[in-house]
1. Roughly how many percent of the accessible protein surface of the chain is carbon and sulfur, given a 1.4 Å probe and a whole-percent answer?
2. With charges set only on the Cβ (+1 for Lys and Arg, -1 for Asp and Glu), what does the dipole of the range 422-570 come to about its Cα centre, in debye to the nearest 20?
3. Please turn the phi angles of the range 370-385 into ³J(HN,Hα) values with the Karplus equation 6.51 cos²θ - 1.76 cosθ + 1.60 (θ = phi - 60°), one per residue in order, whole Hz, x for glycine and proline.
4. For the full complex of protein chains and a 1.4 angstrom probe, list ARG467, ARG157 by accessible area with the highest value first.
5. Under 8 Å for C-alpha pairs, at least 6 residues apart: give me the relative contact order for the chain, rounded to a whole percent.
6. For the charge dipole of the chain, defined by +1 on Lys and Arg C-beta atoms and -1 on Asp and Glu C-beta atoms about the Cα centroid, which residue among LEU277, VAL425, GLY534 has the Cα displaced farthest towards the positive pole?
7. Could you give me the ³J(HN,Hα) list for the range 314-328, computed from phi with Karplus coefficients 6.51, -1.76, 1.60 and θ = phi - 60°, whole Hz, x at Gly and Pro?
8. In straight Cα distance, which aspartates and glutamates are under 19 Å from LYS309, not counting same-chain residues fewer than 8 positions off?
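The values are calculated or read from the model by the stated rules, or taken from the named source; none is laboratory data. Note that the coordinates shown come from a computational prediction; the quantities given were computed from them, not determined experimentally. Here Cβ is always computed from backbone atoms with ideal geometry, including for glycine, and neighbour counts include all displayed protein chains. Ligands, DNA and RNA are excluded from the accessible area calculation, which covers all protein heavy atoms including side chains. Shrake-Rupley method; radii C 1.70, N 1.55, O 1.52, S 1.80 Å.
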Amino acid sequence: MSRTRTALLAAMALVGGVTGTAFAVDPGSAGIAAVPCTVDYKIQNQWSTGFTAAVTVTNNSAAKSSWSLKWSYAGDQKVTSGWNAKLSQSGAAVTAANETYNAQLATGGSVSFGFQGSYSGSNAIPATFTLDGVTCNVDGDPGGPTDPPDPGGPGNRVNNPYEGAKVYVNPEWSANAAAEPGGSRVANQPTGVWLDRIAAIGGAGGKMGLRDHLDEALRQKGSGELVVQFVIYNLPGRDCSALASNGELKADEIDRYKTEYIDPIKAILADSKYASLRIVTTVEIDSLPNLVTNTGSRPTAVPQCDVMKANGNYVKGVGYALNKLGDVPNVYNYVDAGHHGWIGWDDNFGPTATIMKEAATAEGATVNDVHGFITNTANYSALKENNFTINDTVAGKSVRESKWVDWNRYLDELSYAQAFRSQLVTAGFDSNIGMLIDTSRNGWGGTARPTGPGATTSVDTYVDGGRYDRRFNTGNWCNQSGAGLGERPKAAPAAGIDAYVWMKPPGESDGASKQIPNDEGKGFDRMCDPTYTGNPRNNNNMSGALPDAPLSGHWFSAQFQQLMQNAYPPLS
């Protein structure tokens, strides 16, 4: 399992860049003969009780359809978890065998894997490696203690990955934005990359795949630090209450989720080529909160959400993703935490934190695999309502009694994110977790933006006249009319907040406004139909959706133009 970020920063008696390279040597030769294999064993990071290591095996013999690397430790080192190989240990002897996806090892080909281990005393490089029984003798000085590596370097999670770092600009989104009139003003902003189906990993529909984005991220990185943001979004039975973003995997296809989706993503992210990147993963948007708010006897219940609660595959899937991705030392997992207009009520707030703890300790995961949480992803809730407070009283009634607030304890995302962070810590998460807030579409600027509170004739005129968020109801989520770009992405903007981010790329549709046949598993949700009169999840209000919208994730020019027009802070 991954370590807490405090442990990474505080408890490091480190060895940096320790390596040993194994060669088979012909004793009758004055030099190194053709060698059957080489093994590069590198300690990436070491602290007082543990370490992470990266191993690269190069095969110079006949091609292999499977492989097994063995070594023995001189000390008490123990392998505790690994990635890209099946690792086992008996006493001092360790075996690393291929996974199904990296079993082929061509002549001259290489394979890399990594692991985390524990130790006490010394942590020497193993003296001998064997690949399928062929011995490779270490040639080289394994080195010794050096100065601690830069906390921002490979394998060392920092407290806030966004601080001191650039953030990746997706060239595909940037090109779409720049092609719009006025779009060059924001085309250089960083946005999330959505891996919303298995095919997206390799590149679906001619788009860049995961490796393409990581390679481009290395190019953008240069000599500094860079964060690259991915949305992990393909749970079985995905989005049980919102048809527009249903996914490709059926409710019971948890094994496909693990082996065809998460495992390949982990294999790519764990490639040592990308170890210098800070990789932020936002894990499974709009999943876990559904198990609290849209199940059982609640008026908002949806049969498919009851199915997902009963089969446990949301919890299992999130736990598996956190476990596997958390094993990669430079990956930062942030779990989706809904938004204030979904979770901010008393009967949702605590139970949602509880189910997130359940998921974070499922399928081998621990709370240490969670670096933080993200709110308001792909949503429209205002960052900060300045014209009234939750404690105001008008005409003898609390603001909480207004139709808009409807007894919620929070008015906006900043207050919700900070309070929910505290609730998550109470539920058992690390006290250093950080929050992200998606501000891609919550600016609510333009000429209709209120400059002060509303009339005090009633609590409703007071709230409605002063609120920035101009939706009919906070339950409205699809292509909202009147929305604008929010705060530009920035690091550490407020207490407990790691960053404001544009995780949802502005201009990408939330869902089609009418039925559109497709091969992406995306259905038609009436909440994306501007003529829809609503349901219990939005208190039976009009949907507020823009007309003529394409499928979710597809470019929606009219929406992008509106977002620029209503941006707050305004675009120059």
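1. Carbon plus sulfur share of accessible area: 51 percent.
2. Computed about the Cα centre, the dipole is about 280 debye.
3. Per-residue couplings from phi come out as 10, 8, x, 9, 10, 10, 6, 4, 6, 10, 10, 4, 4, 5, 8, 8 Hz.
4. Heavy-atom accessible area, descending, gives ARG467, ARG157.
5. 12
6. GLY534
7. Karplus-based 3J(HN,Hα) across the range 314-328 equals 5, 5, 4, x, 5, x, 5, 4, 4, 4, 5, 5, x, 6, 7 Hz.
8. LYS309 reaches ASP239, GLU248, ASP252, GLU253, ASP255, GLU284, ASP286, ASP336, ASP347, GLU358, GLU363.
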